[in-house]
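Chemist: To start, I am sharing the structure in question, which I have written as structure tokens.
The values are calculated or read from the model by the stated rules, or taken from the named source; none is laboratory data. As the structure is a prediction and not an experimental result, all values here were calculated from the model. Note that each Cβ is placed from the backbone with ideal geometry, even for glycine, and that neighbours are counted across all protein chains shown.
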Amino acid sequence: MVLAAVRSLCYPNEFMRLLVVEDDRALVAALYDGLTAHGFAVDCVRSAECALDAFGINPYDLLVLDLGLPGNDGLTLLRKLRQRQDPIPVLILTARGALSDRVAGLDGGADDYVQKPFAFPELVARIRALLRRGIPVAATVLGISDLEVDPVRFEVRRGGVPIVLTTKEFAILEYFVRHAGELVTRTMLLEHCWDESYDGLSNLVDVHVSRLRRKLEGGGRAPLLHTIRGAGFILDSRSR
């Protein structure tokens, strides 16, 4: 089953959803705390079988994979993903440091290979580097109307005036801007901006969107974020 702890995000970062496959409980807790502190949504599982189940439920932007797993090992999982043409970036995080292990991991389809013990800042930097490979370089600053969103610097401006957002609000806004003019449902926001710890019975999505709207439209600014009753939300400069 997916191991999900309820902890808040502390520091800004480009917001992505990661799956960690690791059977060491202490390391799982450390990875969860460290990665969520850098703004990532993180789900953790302890076996290759549970990882495949998680992939069938949620979309992920990157996989952090241990090789020494109970049952099927990490290399078997990696090969299954590549055999079915899954392009997800994979970072192997393992105690196996022999040259033959590194070659097998990279030849098996891994994008990067980090040996335990590791320096956490380096791990985060490698994850960011892998995630950036799939982002067009030209679109460094996103925007609509007079709204500008800079995912790299974690900055938001409207009409040139800075707007301070929480990590979660920034993640939601970035998703809206990348889908400007399109209907964004609550389910879409849940899948991309929350991890498995989210309580789907609460109105947390609506609360965050409401707070975001107040910050974007404060001071008499024109409405940008619109609620489509019974459907979801649209970020659009046109009045509705």
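Chemist: I'd like the full set of residues that are modelled with pLDDT of 85 or more and out of contact with any strand residue (DSSP E or B) (no Cβ under 7 Å at 6 or more places or on another chain), limited to the stretch 127-145.
Modeler: Hits for the stretch 127-145 are Arg128, Ala129, Ser145.
Chemist: Between residues in the stretch 80-103 that are in the same structural domain as Leu69 (by TED's automatic domain parsing) and without any contact (Cβ under 8 Å) to a residue 60 or more places away in the chain and residues that are among the polar types (S, T, N, Q) and assigned to a strand (DSSP E or B), which pairs lie under 8 Å by C-beta distance while being six or more apart or on different chains?
Modeler: Every condition considered, the pairs that remain are Thr94/Gln115; Ala95/Gln115; Arg96/Gln115; Gly97/Gln115; Asp101/Thr94.
Chemist: Tally up the residues in the stretch 53-72 that are surrounded by 17 or more Cβ atoms within 10 Å (Cβ to Cβ), without any contact (Cβ under 8 Å) to a residue 60 or more places away in the chain and either hydrophobic (A, V, I, L, M, F, W, C) or farther than 17 Å from Leu130 by Cβ (or both), please.
Modeler: 6
Residue-by-condition table, conditions (1) buried (at least 18 other Cβ atoms within 10 Å of the Cβ); (2) touching a Pro at 6+ places or on another chain (Cβ under 8 Å); (3) of a type in the set (Val, Ile, Thr):
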site	(1), (2), (3)
Arg82	no, no, no
Gln85	no, no, no
Leu99	no, no, no
Gly108	yes, no, no
Ile127	yes, no, yes
Ser145	no, no, no
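Chemist: Search the stretch 206-240 for residues being assigned to a helix (DSSP H, G or I) and in contact with a Lys or Arg (Cβ under 7 Å, 6 or more places away or on another chain), and hand back the single one that is nearest to Leu142 (Cα to Cα).
Modeler: So, considering only residues that are assigned to a helix (DSSP H, G or I) and in contact with a Lys or Arg (Cβ under 7 Å, 6 or more places away or on another chain), the one nearest to Leu142 (Cα to Cα) is Leu216.
Chemist: May I ask you to list pairs of residues, at least six apart or on different chains, whose Cβ atoms are under 9 Å apart, with the first in the stretch 120-132 being under 15 Å from Arg17 (Cα atoms) and the second being in a helix (DSSP H, G or I)?
Modeler: Here the result reads Val124/Gly34; Val124/Leu35; Ile127/Leu35, each pair linking the stretch 120-132 to a residue that is in a helix (DSSP H, G or I).
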